[in-house]
Amino acid sequence: MKRICPLSLARLILIFLSVAGITSAFTEAQDNIISSLSKTIQLRHWQIAKDIAPKYPLLTLPDSSWLWFGHSLATDKYAEGNWLLKTNIVIDDSVSNKVILGLFPINFITAYEIYWDGIKIGQNGIIGINKTDEKAGTFNYNLPLPQQPVTKGKHTLTVRISNHHNYSSWKWFYGGVLIGQYDTVLEKIYRSNYQAFFIIGILFIPFLFNLFLYFARKSRPEHLLFSLICFIVILDSGTILAPNFIETPTTYVHLELFTWQIITVLFTALFPSFFIYLFSFSKKIIWVIIVTDLIIYLFFTNIVSVFAVMSPAVLIMSSMITLWALYKRREESIIIFIGLIVAWAAYYFDFAFAGLATTMVICTSISIARQFARKEKTEREAQLRSAHFENELLKKNINPHFILNTLTSIIVWLRKDPTSAIKLIETLADEFRMVNQISTLKLIPIQQEINLCKSHLKIMNYRKGADYKMEAVNIVEEESVPPMIFHTLIENGLTHGYENKIQGTFTLLRRKNSDSVQYILSNDGDFSSDEQKKSTGFGIKYIKSQLEESYPGRWELLSQRQEQGWETIIEIKEK
């Protein structure tokens, strides 16, 4: 998560200063040395003094007024007011004749003037003695040094600071000054802006795409999480680019710092959480991740080290989750693991933020594409299986054995009771017509399914001279179910439980739970033999195929013998 940009340069400076210190007490002056071979150096060895006359030309103060600005000083007292900073610069060859040097103040807030050997060469903002008088300078300020005073030898750089606008924990002395070849430093800054543009461009499409998938794919959380991850990275890059398009004052660093802190904490929590959802691990682990992030942030970081500490933290947590996914052989774990290896390499080469974001977007997009391909293949196979079972079911309903027995029953009833024979013919025609209408549909109204079941029971009543009936309890007519699932269960029940019974009742009960709906079909058939314990033919396979096609991964089927009869429970979970 590292990048080269004005704020990040300051972060790098601060990380270094937190380890090595700005300076401690010095017994003799130390200098910053630059030559024609130097690209950029960070100015160090600063001395500080109170600016006693900020509205007047720069005064020459005695040596006793200056203190080395190091850890031994109580820096809190310098957070606000008017101050003078100075350091020595040694040019050890005729660098001025070869290149143009430039000064790059990084996050000095809010107004300052720059003096080279006591001569004012630059100003950013208006020095003031209070918040009203002071006017903040421009955020992106840099100063090419004129060649005439920049000669070989020793020089004194003095910075007059005015700071009366404090809106965050960022203080002016957290900033720094770079000196180096003007064109080279500008090239680095422009490169960081190009990098920010690149990140925004590469993440914007995945952000919109995953947001669309979240609403289109039954609100799957991993899509929302990945969309949020893309958004906060886009926000981070947009924060960097904003001063290039909008005139921003030096106080913009407060807003940038606030945004950066939020982005850092959110990213370290969301990124590992995304992997939890992607690999279908227990969601309780997310709370462990959040608590760990907060502990690290609150107790092991400060304004200087947040970035340096949280960057490896998110990589370590993500790597641990991915390694566990590899051990469990979860889908896409190999692709994500390769992406994390590249992200670690980017972190090592000081390109972590852009490297991690870009690599993981590419790997995750490949993973999502593979998921879609598998899903499409699975759905196609399910449709083929469903079509096969539909054909088999139609064959079963119009097979010669069924038609022969029914026609035989019709002949008997024509001799015995022509009126009943006509009713049997009409009922048979109604069932065939309904089967033909619904066999190709994915879902039908549950009442239509119940009517089909009752029609089939009427046919069987005429054929066997029996009294079979069906009762429906708590049925919601607006609900839909896959066609012929209860019809198939009733057929199975008649075949296996009513060979020797001419009376029977099938009861369909709807039960609403907190997150699911249950349909319980029970009967009072005689299921005494081993062969009758459970149906394992294509009928049950047809039901499972229809349920999976209509409610993928959200259904359960339980079929079991009861004390008197048989019970089948179909549970459909809510999205």
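All of the numbers you see were taken from the coordinates with simple rules; none came from a lab. Quick caveat, the model's predicted, so the values are computed rather than measured. Reconstructed Cβ throughout: ideal geometry from the backbone, glycine too, with neighbour counts over all protein chains shown.
Just a few scattered comments:
- FRET efficiency for the pair residue 292 and residue 338, taken as 1/(1 + (r/R0)^6) with r the Cβ-Cβ distance and R0 = 30 Å, rounds to 0.75.
- The distance between label points at residue 515 and residue 131 comes to 5.1 nm (points 7 Å beyond Cα on the Cα→Cβ vector).
- Over 28 Å between alpha carbons, listed pairs 328/512; 55/152; 284/377; 283/512; 442/501; 284/544: 328/512; 55/152; 284/377; 442/501; 284/544
- Extending 7 Å from the Cα toward the beta-carbon at both residue 331 and residue 280 defines two label points whose distance is 0.8 nm.
- Global form of the stretch 269-354, assessed from the alpha-carbon gyration tensor, a/c cut-off 1.5: oblate
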